[in-house]
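To start, the structure itself, in structure tokens.
The values are calculated or read from the model by the stated rules, or taken from the named source; none is laboratory data. The shown structure was predicted, so the numbers you read here are calculated from the model rather than taken from an experiment. Using ideal geometry, Cβ is built from the backbone for each residue, glycine included, and neighbour counts are taken over all protein chains shown.
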Amino acid sequence: EANPSADLATTPFRTVPPNRRDAVVVPDGFTNDVVIRWGDGVLPGAPRFDAYDQSVAAAKKQFGYNCDYVGLLDHPSNRARSVLVVNHEYTTEPAMFPAEGYTDAEKIEIEMYNHGISVVEVKRGATPGSWNRVAPRNAPLNRRINVDTTFFVTGPAAGSDRLKTTADPSGTRVKGTLNNCAGGMTPWGTVLSGEENFNQYFAGTIDPEYAASYARYGISATGSRNWGSVDPRFDLGTEPNEPNRFGWIVEVDPRQPKASPRKHTMLGRFKHEGANVIISREGYAVAYMGDDERGDYLYKFVSKRKMAKGRSGAARDRNKKLLTEGTLYVARLVGDGAEDGTYDGTGRWIPLCSDTESFVDGWTVEDILVDTRLAADAVAPTRMDRPEDVEPNLVNGRVYAALTNNSQRGTRFPADEANPITTSQVRDSLDGELTPAAGNNNGYVLEMLAARGDHAAPAFTWNLLLVCGDPEAQETYFGGYPKEEVSPISCPDNVAFDTKGNLWISTDGNRLGSNDGIFRVPVAGAERGNVQQFLTVPRGAEACGPLLTDGDRALWTAVQHPGELDGSSFDEPGSTWPHTDDFPRPSVVVTYRRG
Ligand code: FEO
Ligand code: CA
Ligand code: CA
Ligand code: CA
């Protein structure tokens, strides 16, 4: 008999088995609704969505493509509502244009405006945990942040020569945000969003002066999206500094729909997955961050000033400056040896710079913040297996990082205790055999404990909570929990926590033959490491979010790139989810117990 509780943190559920269904699958007793889809109206006057007749004018008012991060903030004046903030990471061209009839330039322009961030007012539904979007004409906080939106640059690299362009000789105002992947809600009520694989939008002739920097960020002469053909600022030969204006953490205040969002240079420039803030024991804002690339690093920022208490406008304004001054660190992890049978050890946050002082020989503060990867290389941090979401658990104070995979661990990157797996078991299809493949194919979840519980401290200890994969594979580990009882899990990407401190994990790129999905994992007590699959997303999709709200009665999931299978095309769509059209639509769904 199922527990009648609607609380996803404590209620038992029958785990969702691996599957290839073109549906969002949840346990018996739960249901889910699509809250908003690609193309749904965000701003008043948005035209009815027509995938066969798309335009820039329409896209500017509609929900963008490939939803990733999901944040939900209190509405400032209406208790029945909240404010949903969603990233639109990138576009999937074959799935996005079900019919021909556009020039290449038209497609690029439409795709440009399908990037960015949406802010959408939502209201509670009749069943606890259910939500609906508010009609745009009644939603004054709704906003589409796009490739034209002006961002103010903050912190020590604002105004740097490295950020100056023809359009912005001040180096302080950037048009647009790109490839926004994960993010986090701050304790002062704003949203942070990470600019991740921004390199792909740039191409063109490379001046040798910039070649080393470009190379370290994967910026190439050929690029992959040819946006320079539509807007010359994306042409490297024309605007060599334009790429330096992306790769930042941006901060959006959903209560101020007219205010310019900001790019915070103090948090460094890399392929930011996202950023999550915890307030240290003494009141400093500490942001944890991952740089999602094979062999790249974990970072931490500690603010110079303490968070102002209270909810007044003045306190809020002060707190919105917390990320402009402080110290940026990069992580080095040292194992304590394999003899104890666990992957664990100690760690050190190595300072790179403060807002006024460089800690890397031969580097200025500005250059450290613009070329953060290259500066970090000089202090020998630990080369990790693609750090994705890094998020503090407010219940136990520990920090959890998803290390999604690394096909080159054991070849280009030698193993170490924090990145120990060089061969791992995968399967090609649901009924396929497990077979070994080179590299760390299924990823890890890393648990970090700040020294004395002080997140501002430079020392920490760590362990691999999960070595993901099929529990039948010898190399897997689930926090010591009996393997025969856990769900298979592969390629953790985003993490979240419920109010009881359980870890929730979403995956991207499952290597075990199943669709991606979302898992609940207790991290304390006898259930520690009991990975339970709660949800699967449709074929070809990556599971994003996740986010628990409403006293753990609601689970938000962004279904990103449904149908993005190898060779996916409209002639043979990998998915038509959510089955409202004859093509797939990336959408945000909310899951809750049936009424
Ligand atoms: Fe956009 Fe690192 O996932
Ligand atoms: Ca050990
Ligand atoms: Ca991600
Ligand atoms: Ca990912």
Within region 234-284, strands (runs of 3 or more DSSP E) holding 1 or more residues that are among the β-branched types (Val, Ile, Thr), in contact with a strand residue (DSSP E or B) (Cβ under 6 Å, 6 or more places away or on another chain) and more than 16 Å from ligand 2 (Cβ to nearest atom): 249-252, 272-279
When region 32-47 is checked residue by residue, the ones that are of a type outside the set (A, V, I, L, M) and either within 23 Å of residue 105 (Cα to Cα) or part of a strand (DSSP E or B) (or both) are 32, 33, 37, 38, 39, 41, 47
Would you tally the residues in region 413-424 being surrounded by fewer than 21 Cβ atoms within 10 Å (Cβ to Cβ) and either without any contact (Cβ under 8 Å) to a residue 40 or more places away in the chain or within 19 Å of residue 20 (Cβ to Cβ) (or both)? 3
Residues of region 16-56 satisfying the condition of being crowded, with 17+ Cβ neighbours inside 10 Å, hydrophobic (A, V, I, L, M, F, W, C) and without any contact (Cβ under 8 Å) to a residue 60 or more places away in the chain: 49
Across region 285-297, which residue is nearest to the chain's Cα centre (by Cα) among those that are part of a strand (DSSP E or B) and over 21 Å from residue 546 (Cα atoms)? 294
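Residue by residue, here is whether (1) touching a Leu at 6+ places or on another chain (Cβ under 7 Å); (2) within 18 Å of residue 34 (Cβ to Cβ) holds:
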{"residue": "99", "(1), (2)": "no, no"}
{"residue": "123", "(1), (2)": "no, yes"}
{"residue": "136", "(1), (2)": "yes, yes"}
{"residue": "149", "(1), (2)": "no, no"}
Does residue 536 qualify as being in contact with a Lys or Arg (Cβ under 9 Å, 6 or more places away or on another chain) and either modelled with pLDDT of 95 or more or under 30 Å from residue 73 (Cα atoms) (or both)? yes
Those residues that are over 30 Å from residue 392 (Cα atoms) and among the polar types (S, T, N, Q), I need them from region 426-453; list them, please. 429, 435
I need every pair where a residue in region 318-346 that is more than 30 Å from residue 191 (Cβ to Cβ) and within 16 Å of ligand 1 (Cβ to nearest atom) has its Cβ under 9 Å from the Cβ of a residue that is in a loop (DSSP other than H, G, I, E, B) and among the aromatic types (Phe, Trp, Tyr), sequence separation at least 6 or different chains. none
For residue 551, the lone unmet condition from (1) away from ligand 1 (no atom under 16 Å from the Cβ); (2) crowded, with 24+ Cβ neighbours inside 10 Å; (3) in contact (Cβ under 8 Å) with a residue 40 or more places away in the chain is (2)
Is there any pair with a first residue in region 265-279 that is within 14 Å of residue 355 (Cα to Cα) and a second that is surrounded by fewer than 24 Cβ atoms within 10 Å (Cβ to Cβ) and of a type in the set (Ser, Thr, Tyr) whose Cβ atoms are under 6 Å apart and which are 6 or more apart or on different chains, and what are they? 266/324
Check region 490-502 and report whether any residue there is acidic (Asp, Glu), surrounded by fewer than 24 Cβ atoms within 10 Å (Cβ to Cβ) and over 18 Å from residue 30 (Cα atoms). no
Cβ pairs under 6 Å, 6+ apart or interchain, first in region 68-86 and at negative phi, second crowded, with 23+ Cβ neighbours inside 10 Å and of a type in the set (Asp, Glu), ordered by first then second residue, are 68/89
From (1) in contact with a Leu (Cβ under 8 Å, 6 or more places away or on another chain); (2) more than 16 Å from ligand 1 (Cβ to nearest atom); (3) not hydroxyl-bearing (Ser, Thr, Tyr), pick out the condition that doesn't hold for residue 573. (1)
For region 98-123, enumerate the residues that are outside any helix (DSSP H, G or I), modelled with pLDDT of 95 or more and at negative phi. 102, 103, 114, 115, 117, 118, 119, 120, 121, 122, 123
Mind listing whichever residues of region 180-202 are more than 15 Å from ligand 4 (Cβ to nearest atom) and in a loop (DSSP other than H, G, I, E, B)? 186, 187, 188, 189, 190, 202
Residue tally, condition away from ligand 1 (no atom under 16 Å from the Cβ) and within 29 Å of residue 566 (Cα to Cα), over region 487-510: 4
Within region 96-109, is there a residue that is in contact (Cβ under 8 Å) with a residue 40 or more places away in the chain, within 19 Å of residue 44 (Cβ to Cβ) and crowded, with 16+ Cβ neighbours inside 10 Å? no
Just the residues that are more than 16 Å from ligand 3 (Cβ to nearest atom) and within 25 Å of residue 177 (Cβ to Cβ), please, taken from region 274-298. 277, 278, 285, 286, 287, 297
Residue list for region 382-418, restricted to those being more than 16 Å from ligand 4 (Cβ to nearest atom) and in contact with a Leu (Cβ under 6 Å, 6 or more places away or on another chain): 382, 398, 418
Quick one: count up the residues across region 380-416 that are within 16 Å of ligand 3 (Cβ to nearest atom), of a type outside the set (A, V, I, L, M, F, W, C) and either part of a loop (DSSP other than H, G, I, E, B) or on the phi > 0 side of the Ramachandran plot (or both). 3
Out of everything in region 478-519 that is more than 18 Å from the chain's Cα centre (by Cα) and of a type in the set (S, T, N, Q), what residue ends up being nearest to ligand 3 (Cβ to nearest atom)? 515
